[in-house]
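Scroll down for the structure; my scribbles are underneath it.
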Amino acid sequence: MEANGLGSQSFPELKNDTFLRAAWGEETDYTPVWCMRQAGRYLPEFRETRATQDFFSTCRSPEACCELTLQPLRRFPLDAAIIFSDILVVPQALGMEVTMVPGKGPSFSEPLREERDLERLRDPAVVASELGYVFQAITLTRQQLAGRVPLIGFAGAPWTLMTYMVEGGSSSTMAQSKRWLYQRPQASHQLLRILTDALVPYLVGQVAAGAQALQLFESHAGHLGPQLFSKFALPYIRDVAKRVKAKLQEAGLAPVPMIIFAKDGHFALEELAQAGYEVVGLDWTVAPKKARERVGKTVTLQGNLDPCALYASEEEIGQMVQKMLDDFGPQRYIANLGHGLYPDMDPEHVGAFVDAVHRHSRLLRQN
């Protein structure tokens, strides 16, 4: 936890705070833009850096994480960096064994099958000390960024982490995890509380190490309907924000904007907008104008171009970006994709997306 001794005064001064200003709801000269999974397999230099190492070994190397985080910023004028890591480092820190199987994704050797399996999990209070390598990666990256753009830290939300721990990997139906919700509601709440108790110090530790914003990924929101979501996902999403903010204040750390991204969680937009986060991330299935009407003026929206739109021509990308920016409006908005970049995307088209956001948003403000 040595990174936690670092105050922000030891970091280079921030030169471009457009992303942070938009997140806080302040006026900006143009619309800031970053991409989920911007440090990723679509970059040849990423594949070179990662070629020699197993995925989680890379996550445990602060130098490798720093390099991968900085790679997209060398290519594109993005307005934020997001630390290279994975949401599954939290279940690992709780004592579960996870490997990344090439071409298949994450695999847990012993998923949670019975209620008594919860006893195998480590005390959530030790999680942050197990994840010192993430804090070191953040501190190193924050130094290396030299104030160019802000650095975002992140974690998976409790329900999304639970699905991996119960399913043992990816699933198209989440039937095992949902079975827990219906058949073992008490055990489900117990697990979700354990995960919340692990996430709070982990996120606070990321800020202490140098993260300037935090994003919570509820990637599997869409597998729940409104009832299950409001019972098993939303209370923990709220709790994370409330407790992280209180702990930052207790620790004498400046507040950071928090982003909630609940993929396919369009049925809970109003609730998410009131869950204690400054920014609500949207996937591409949500119409920007309707989203704005539903959440009101009190939060910033982030999103939401279909990642597959980047397969279109650069000219078409420009037109789609223009429409998106027109629909979201110039303020309280951060441009992004509605999900992460895919591995076969052309870096040139990612560049076209970033440039189109900057160019058109400046024009919008002139008119």
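The values are calculated or read from the model by the stated rules, or taken from the named source; none is laboratory data. Only a predicted model underlies this, so the values are computations on that prediction, with no experimental measurement involved. Note that each Cβ is placed from the backbone with ideal geometry, even for glycine, and that neighbours are counted across all protein chains shown. Each accessible area value is taken on the protein alone, full model and side chains, heavy atoms only, with ligands, DNA and RNA left out. Shrake-Rupley method; radii C 1.70, N 1.55, O 1.52, S 1.80 Å.
With respect to R60, determine if the residue is open to solvent by 20 Å² or more (accessible area, probe 1.4 Å), touching a residue at least 24 places away in the same chain (Cβ under 8 Å), among the basic types (K, R) and farther than 22 Å from Q143 by Cα.
Taking the combined requirement at face value, the residue does not satisfy it.
Take F267 and tell me if it is among the aromatic types (F, W, Y), within 21 Å of L234 (Cβ to Cβ), touching a residue at least 40 places away in the same chain (Cβ under 8 Å) and in a helix (DSSP H, G or I).
Answer is yes for this residue.
Among the helices (runs of 4 or more DSSP H) lying completely within the stretch 14-59, list those that include at least 2 residues that are at pLDDT below 95.
44-50
Mind telling me which of the residues V280, V256 ends up being out of contact with any Cys (no Cβ under 9 Å at 6 or more places or on another chain) and in contact (Cβ under 8 Å) with a residue 24 or more places away in the chain?
So the residue among V280, V256 that is out of contact with any Cys (no Cβ under 9 Å at 6 or more places or on another chain) and in contact (Cβ under 8 Å) with a residue 24 or more places away in the chain is V256.
Quick check on the stretch 340-350. Is at least one of its residues at pLDDT 95 or above and under 16 Å from G25 (Cβ atoms)?
Looking through the stretch 340-350, none of the residues is at pLDDT 95 or above and under 16 Å from G25 (Cβ atoms).
List every residue pair whose Cβ atoms lie under 9 Å apart, where the two residues are 6 or more positions apart in sequence or sit on different chains, the first residue falls within the stretch 304-320 and is over 23 Å from L363 (Cα atoms) and touching a residue at least 12 places away in the same chain (Cβ under 8 Å), and the second residue, located anywhere, is charged (D, E, K, R) and open to solvent by 20 Å² or more (accessible area, probe 1.4 Å).
Between residues of the stretch 304-320 that are over 23 Å from L363 (Cα atoms) and touching a residue at least 12 places away in the same chain (Cβ under 8 Å) and residues that are charged (D, E, K, R) and open to solvent by 20 Å² or more (accessible area, probe 1.4 Å), the close pairs are P307/R37; Y311/D344; Y311/D346.
In the stretch 286-303, which residue that is open to solvent by 80 Å² or more (accessible area, probe 1.4 Å) and in contact (Cβ under 8 Å) with a residue 12 or more places away in the chain is nearest to I259 (Cα to Cα)?
T298
May I ask you to verify whether V256 is touching a Leu at 6+ places or on another chain (Cβ under 8 Å) and under 18 Å from I82 (Cβ atoms)?
Yes.
Being surrounded by 19 or more Cβ atoms within 10 Å (Cβ to Cβ) and out of contact with any Phe, Trp or Tyr (no Cβ under 6 Å at 6 or more places or on another chain) is the filter here; which residues of the stretch 233-247 pass it?
Result: L234, Y236, I237, D239, V240, V244.
Kindly provide the set of residues from the stretch 77-88 that are open to solvent by 10 Å² or more (accessible area, probe 1.4 Å), more than 16 Å from T58 (Cβ to Cβ) and small (G, A, S), ordered by number.
none
Could you list all residues from the stretch 316-351 that are touching a strand residue (DSSP E or B) at 6+ places or on another chain (Cβ under 8 Å), of a type in the set (A, V, I, L, M, F, W, C) and under 11 Å from L305 (Cα atoms)?
Residues satisfying the conditions are M320, V321, M324, L325, A335, L337.
Please find, among V204, V280, V244, V256, the residue that is more than 30 Å from R113 (Cβ to Cβ), assigned to a loop (DSSP other than H, G, I, E, B) and not aromatic (F, W, Y).
The match here is V256.
Going through the stretch 304-314 one residue at a time, which ones are among the hydrophobic types (A, V, I, L, M, F, W, C) and either in a loop (DSSP other than H, G, I, E, B) or surrounded by 14 or more Cβ atoms within 10 Å (Cβ to Cβ) (or both)?
Result: L305, A309, L310, A312.
Say we look at the stretch 17-51 and pick out the residues that are polar (S, T, N, Q) and either open to solvent by less than 10 Å² (accessible area, probe 1.4 Å) or farther than 15 Å from R74 by Cα (or both); which of these is nearest to the chain's Cα centre (by Cα)?
Selected residue: Q38.
Looking at the stretch 310-318, is at least one residue under 25 Å from D17 (Cβ atoms) and either touching a helix residue (DSSP H, G or I) at 6+ places or on another chain (Cβ under 6 Å) or of a type in the set (D, E) (or both)?
Checking the stretch 310-318: not a single residue is under 25 Å from D17 (Cβ atoms) and either touching a helix residue (DSSP H, G or I) at 6+ places or on another chain (Cβ under 6 Å) or of a type in the set (D, E) (or both).
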